[in-house]
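Visitor: One structure, as structure tokens, below. Some questions next.
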Amino acid sequence: MKSEEAEINLEYLDTMSGGDVDMRNTLLDMLIEELPRELSILLEAVQMGDVEAIFQASHSMKSTLTYTGHTESIVLNEQIEAASRQGIWGTNERASFNNLQIKIHRLMGALIKLPR
Amino acid sequence: MTRMNAMPVREQETHILLVEDDPADARLIEIYLEESGFGDWSIDRAQSIQEALDQLSEQDYAIVLLDLTLPDGTGPENIRRIKAEFPDQNVVVLTGFDERVFGLEAVQQGAQDFLVKGDYDENSLAKTLRFSIERQNFIRRLEETQKIARIGSWEFHPDTGRLLLSDQVLALTKPDDSEVKDGLPSVELNHLLRRIHRIALSGREVNLDTRIKISGNGERYFHVQCQLTRASNNEEVVQGILQDVTDRYQTEEMRKARDLARKSTEIREQFIASISHEMRTPMNAIMGLSNVILTSDGVKGEQKQMVQAIRDASDILLGIVNDILDFSSIQAGKIQFREDPFSLRSVCRNLEQILATKVSDKGLFWKMHIDDQVPDQLIGDKLRMSQILFNLLGNAIKFTESGQVALYIELIERDRQRVRLTFRIEDTGIGIPEEAQMSIFEDFNRVKYQNKTYEGTGLGLAITRQLVELQQGRIWLESQVGIGTTFFVDLGFTVESAYKNGHIIPDATLTSEGAFRGTILVVEDHKMNQLVARKTLERQWPDIHILMAEHGQIALDLLERHHVDLVLMDLQMPVMDGYQATSLIRRHPLPRIRQVPVLAMTANAYVSQDTQLHEKGFTDFVLKPFEPEQLFARILQYAPIKSISI
């Protein structure tokens, strides 16, 4: 299993922080708060089978994931977003979602460990 | 009246009214209460029903402990008198050992419980009082909840014919307060209850929606449920609830009516569009063949005049059919604007040629002037632009009997990618009275002058206004009766050099350097993006003023309350998305809002799908994730010049 810590790329987050340490830490805190919240919204939408809600949730999560620079999660989420945008929700999308859940779970563990 | 306090009065103490004429029995109650550890309490004592009623009208009591044998009343009559004046009062009845049957009857009359003298001790007294208070509180809460939910309940005892209605049933079905107090159902409700009780008594459950007329208040809709049950004494009881669902019903009815109206409109529009389209083909044939006949050598004299009349009439008819077609397309939101390169001067010359005959037939002077600063090669919908000018110039010619009709085109705004032009159509015609100017752009408005109604559908100017506004333009007029009219049209176009392969290409010479002191409205629902947008802009321009909106609806509210120089608009948002918000901005009655630059914030992946952003009212776009330099450059490019100082 790859270390998710190694997969995190905070280049965008750092650029947006503009060298402001407080801003960087605020963004990291927001990431840790927002990601599980957004994942639970996505999960609920998936459980309800509400494809429009899945699209809204994955679209919102896209912005959040951008700050992690975690390519695998970003790609999985993009697959979910692109499919649900067209009203598609099938076996492949369910598999992507399961995978994304696992990735985000590990990603959260890695984010919490990041030095401040 | 005497008052006996067990301990100093505190806010939480229980006020008890003891209605007891026997001092020994009254003292016993106090002793039991002291020994029971009932908590903080105080007792006021009354020795008759009348004294108790006087006390109750002056003070609130948590409990009335009511003896059933008093000098001015005996038996269940005592509770009836109390309940008649204070129906919500919590009452516990005290009966003699031989009068326990009265206790049961008192409970049926509304007492919470009864205690048999000589048969209770300190513990059972305290327990009965506590339970009665709790039950009373629970009933109050239940009543409050029913009030909020607009639910009322009732019981019907078929053996005795007794009908017990909750206050809420009366309040909902008899809103006049004076009537509510009589405790009787309205004639309408009584009729309904008789009907549904018959059904319930046959063993069937009643579950229906119905309406009840309420005198002086129209009619209201109720959901009614009731069923036959058995009380603890095995007596049959019909229990029911009714809920006022008028608001829900009306909303549902309105939704149905709206859907029906929408559907009817759609069908009508489809029908008009289809008929108009079908009419256009034969009309073209009539016109074309009339022209063929007119140009043939064999037709002369009166015959020629008649064919000429057929052609002129067909011309008018075709114009009407085209108006109706355009109008129905606009109404159905199906009109599309093209983004093609064209030569402005060439389009105007064509127009000049088309109108030349009409101008010369009326002996009018014609003038056209396009300012040298106006670029010739533009991107836009040349057909729609021609249609706008043709309608306005056609009207100008129609309403001018002598003098001049002129078209002027001037540049009012220019940056590297866009120009904004004013088209001025002037005539020396009959003019439009001031009171008619307000409604001149309305649908089916036909100008009347000196009791003469001019030909046409009355749709021409309405269509023109829609065509202008759907392209984020503006149209207005100035006119004086007897002097003439000038119509002004502001329209924006992309300069051809800024376009490549259907995409707007970022101008390499654009710079992100420059000071900005204006107000930016960021419309973004994502919290992290909100923070990043704010910090990024504030770092670049410390004097910037930023307004933040979580969705389009809030953005529109903020735009109305603040002067905003530029809007950064996310596309996917809850409540109101960026497309809808921008469309509403472009149709806003206030020019400062209608004309504000709106930059879409869109992800790379969607840029290709969003090439129609201009048509949807966006000025341009910035990419997400944010690229700060591009963001700054775009803001400087589109924010009004007055707020930039380099």
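Visitor: Taking +1 at the Cβ of each Lys and Arg and -1 at the Cβ of each Asp and Glu, which of B:G301, B:I330, B:G288 sits farthest along the dipole of the stretch B:269-331 towards its positive end, judged by Cα position relative to the Cα centre?
Guide: B:G301
Visitor: Right, here's the next one. Collect residues whose amide H, placed 1.01 Å from N in the peptide plane, falls under 5 Å from the amide H of B:T14; neighbours closer than 5 in sequence don't count.
Guide: Close amide H contacts, sequence-distant or interchain: B:D40, B:W41, B:S42.
Visitor: Please compute the Cα-Cα pair-distance distribution of chain B with 10 Å bins starting at 0, giving whole percents from short to long.
Guide: The distribution over chain B is 3, 11, 15, 13, 11, 9, 10, 10, 9, 6, 3, 1, 0, 0, given as percents.
Visitor: Any chance you could give the angle, 0 to 90 degrees and rounded to 10, that helix B:527-540 forms with the longest Cα principal axis of chain B?
Guide: In chain B, helix B:527-540 runs at an angle near 50 degrees to the longest axis.
Visitor: Enumerate the whole-percent occupancy of each 5 Å bin, from 0 to the last occupied one, for all C-alpha pair distances of the stretch B:340-498.
Guide: Pair shares across the bins are 2, 9, 18, 22, 20, 14, 9, 4, 1, 0, 0.
Visitor: Per residue of the stretch B:481-495, what does 6.51 cos²θ - 1.76 cosθ + 1.60 with θ = phi - 60° give for ³J(HN,Hα)? Whole Hz please, x for Gly and Pro, Karplus curve as stated.
Guide: With the stated coefficients, the stretch B:481-495 comes to 4, x, 10, x, 9, 10, 9, 10, 10, 9, 9, x, 9, 8, 7 Hz.
Visitor: Kirkwood-based Rg over Rh for the stretch B:164-319 (C-alpha set), two decimals? Could you put the intermediate results ahead of the total?
Guide: On the way: Rg = 34.4 Å, Rh = 22.0 Å.
My calculation puts Rg/Rh at 1.56.
Visitor: For chain A, what's the relative contact order in percent, using C-alpha pairs closer than 8 Å and at least 6 residues apart?
Guide: Details: 106 pairs, mean separation 37.4, N = 116.
Normalised by residue count, the contact order of chain A is 32 percent.
Visitor: Residue farthest toward the positive end of the dipole of the protein assembly as shown, with Cβ of Lys/Arg at +1 and Asp/Glu at -1: which of B:L53, B:G240, A:W89?
Guide: Projecting each Cα onto the dipole axis, the largest value belongs to A:W89.
Visitor: At 0.36 nm per residue, and after removing the present C-alpha to C-alpha distance, how many nm does the segment from B:I286 to B:A436 gain when stretched out fully? Numbers along the way, then the final one.
Guide: Working: separation 150, 0.36 × 150 = 54.00 nm, distance 3.62 nm.
Full extension of this stretch gives 50.4 nm more.
Visitor: Now, a different point. Just want the answer: with Cβ charges of +1 for Lys and Arg and -1 for Asp and Glu, which residue in B:P574, B:N529, B:Q553 is farthest toward the dipole's positive end in the stretch B:526-581?
Guide: Toward the positive end, the furthest listed residue is B:N529.
Visitor: Hey, any idea what Rg/Rh is for the protein assembly as shown, computing Rh the Kirkwood way over Cα pairs? Walk me through the numbers before you get to the answer.
Guide: Values: Rg = 40.4 Å, Rh = 34.8 Å.
Here Rg/Rh amounts to 1.16.
Visitor: For the pairs B:K535/B:K624; B:K256/B:K616; B:K263/B:K334, flag any whose C-alpha to C-alpha distance is greater than 24 Å. Numbers along the way, then the final one.
Guide: Working: B:K535/B:K624 16 Å; B:K256/B:K616 30 Å; B:K263/B:K334 16 Å.
Violating the 24 Å limit, Cα to Cα: B:K256/B:K616.
Visitor: Another question, if that's okay. Could you tell me the calculated FRET efficiency between B:K527 and B:R592, based on Cβ-Cβ distance and R0 = 35 angstrom, to the nearest 0.05? Kindly include the intermediate steps, with their values, before the conclusion.
Guide: Details: r = 29 Å, r/R0 = 0.84.
Efficiency computed from Cβ-Cβ geometry: 0.75.
Visitor: The stretch B:282-322: percent of C-alpha pairs farther apart than 16 Å? Please list the in-between numbers first.
Guide: Numbers: 250 of 820 pairs.
Tail of the P(r) past 16 Å holds 30 percent of the pairs.
Visitor: Next question. Work out how much length B:H223 to B:K367 would gain on full extension: take 0.36 nm times their residue separation and subtract the Cα-Cα distance, in nm to one decimal. If you can, show how the numbers build up before the last one.
Guide: Values: separation 144, 0.36 × 144 = 51.84 nm, distance 7.28 nm.
This chain segment gains 44.6 nm when fully extended.
Visitor: Taking amide hydrogens as modeled 1.01 Å from N in the peptide plane, which residues meet the under 5 Å criterion relative to B:G473, leaving out close sequence neighbours?
Guide: Counting only residues 5 or more places away or on other chains, the set is empty.
Visitor: Continuing with this model, one more query. Treating each Cα of the stretch B:201-258 as an identical point scatterer and ignoring solvent, apply the Debye formula and state log10 I(q)/I(0) at q = 0.23 Å⁻¹.
Guide: Cα-only, vacuum Debye calculation for the stretch B:201-258: -0.92.
Visitor: What angle, in degrees between 0 and 90 and rounded to the nearest 10, separates the Cα long axis of helix B:382-398 from the longest principal axis of the Cα atoms of chain B?
Guide: 80
Visitor: Name the aspartates and glutamates eligible as straight-distance cross-link partners of B:K127: C-alpha to C-alpha under 17 Å, and not fewer than 8 places from it in the same chain.
Guide: Partners found: B:E13, B:E30, B:E34, B:E35, B:D40, B:D113, B:D119.
Visitor: Only Cα pairs under 8 Å and at least 6 apart count here; give the relative contact order of chain B as a rounded whole percent. Before the final figure, lay out each step's value.
Guide: Numbers: 1033 pairs, mean separation 38.9, N = 646.
With pairs under 8 Å counted, the relative contact order is 6 percent.
Visitor: On to the next question. State to the nearest 20 debye the size of the charge dipole of the stretch B:1-149 about its Cα centre, where the only charges are +1 on K and R beta carbons and -1 on D and E beta carbons.
Guide: Details: 15 positive and 30 negative charges, 107 e Å.
Value, rounded to 20: 520 debye.
Visitor: Same structure, new question: So if I place +1 on the C-beta of Lys and Arg and -1 on the C-beta of Asp and Glu, and nothing else carries charge, what would the dipole magnitude of chain B be about its Cα centre? I want it in debye, nearest 20. Spell out each step's value before the answer.
Guide: Numbers: 73 positive and 97 negative charges, 789 e Å.
That gives chain B a dipole magnitude of about 3780 debye.
Visitor: Here is a further query. Extending each Cα 7 Å along its Cβ direction at B:R100 and B:Q308, get the distance between those two points in nm, one decimal.
Guide: 11.9
Visitor: Let me ask you something else. Output wanted: per-residue J couplings in Hz (rounded whole) for the stretch B:193-199, from phi through Karplus 6.51 cos²θ - 1.76 cosθ + 1.60, θ = phi - 60°, x for Gly and Pro.
Guide: 4, 4, 5, 7, 5, 4, 5
Visitor: A follow-up question, please. Can you work out D for the stretch B:150-244 in µm² s⁻¹ from Stokes-Einstein, where Rh is the Kirkwood radius over C-alpha pairs, the temperature is 25 °C and the viscosity is 0.890 mPa s?
Guide: 182
Visitor: Using the Karplus equation 6.51 cos²θ - 1.76 cosθ + 1.60 (θ = phi - 60°), what ³J(HN,Hα) coupling, rounded to whole Hz, does each residue of the stretch B:20-27 give in order, writing x for Gly and Pro?
Guide: 8, 8, 8, x, 5, 5, 5, 5
Visitor: Something else: Between the helical axis of B:246-295 and the dominant principal axis of chain B, each derived from Cα atoms, what acute angle in degrees is found, rounded to the nearest 10?
Guide: With both axes taken from Cα atoms, the answer is about 10 degrees.
Visitor: Testing the spin-label approximation: label points 7 Å from Cα along Cα→Cβ at B:V575 and A:D22. State their distance in nm.
Guide: Inter-label distance under the simple model: 2.9 nm.
Visitor: If the convex hull of the alpha-carbon atoms of the stretch B:311-402 is projected onto planes in all directions, what is the mean projected area in square nanometres? Present the calculation step by step, with values, prior to reporting the outcome.
Guide: On the way: hull surface 29.0 nm².
Seen from a random direction, the Cα hull of the stretch B:311-402 projects 7.3 nm² on average.
Visitor: Further question on the same structure: Nearest 0.05, what FRET efficiency do B:Y408 and A:A53 give at R0 = 35 Å with Cβ-Cβ as r? Don't skip to the answer; put the middle values down first.
Guide: Values: r = 54 Å, r/R0 = 1.54.
The pair B:Y408/A:A53 has a calculated efficiency of 0.05.
Visitor: With +1 assigned to the C-beta of every Lys and Arg and -1 to the C-beta of every Asp and Glu, and no other charges, what is the dipole magnitude of the protein assembly as shown about the Cα centre in debye, to the nearest 20?
Guide: Numbers: 83 positive and 115 negative charges, 781 e Å.
I would put it at about 3760 debye.
Visitor: Using packing as a proxy for protection, rank B:626-632, B:53-59 so that the peptide with the highest average count of other Cβ atoms within 10 Å comes first. Don't skip to the answer; put the middle values down first.
Guide: Working: B:626-632: 17.1, B:53-59: 12.9.
Sorting B:626-632, B:53-59 by mean packing, highest first, produces B:626-632, B:53-59.
Visitor: Out of all Cα-Cα pairs in the stretch B:2-144, roughly what percent, to the nearest whole number, are more than 19 Å apart?
Guide: On the way: 4707 of 10153 pairs.
The proportion of pairs with Cα distances above 19 Å equals 46 percent.
Visitor: Hey, any idea what the orientation-averaged projected area of the convex hull of the stretch A:4-113's Cα atoms comes to, in nm²?
Guide: On the way: hull surface 24.9 nm².
Directional mean of the projected Cα hull area for the stretch A:4-113 stands at 6.2 nm².
Visitor: Do you know the relative contact order of the stretch B:150-244, to the nearest whole percent, from alpha carbon pairs under 8 angstrom that are 6+ apart? Let's see the in-between values first.
Guide: Details: 172 pairs, mean separation 29.8, N = 95.
Reported relative contact order: 31 percent.
Taken together, the values in this text are just the output of simple stated rules run on the coordinates, not laboratory data. Only a predicted model underlies this, so the values are computations on that prediction, with no experimental measurement involved. Glycine gets a Cβ as well: all are built from the backbone with ideal geometry, and neighbour counts include every protein chain shown.
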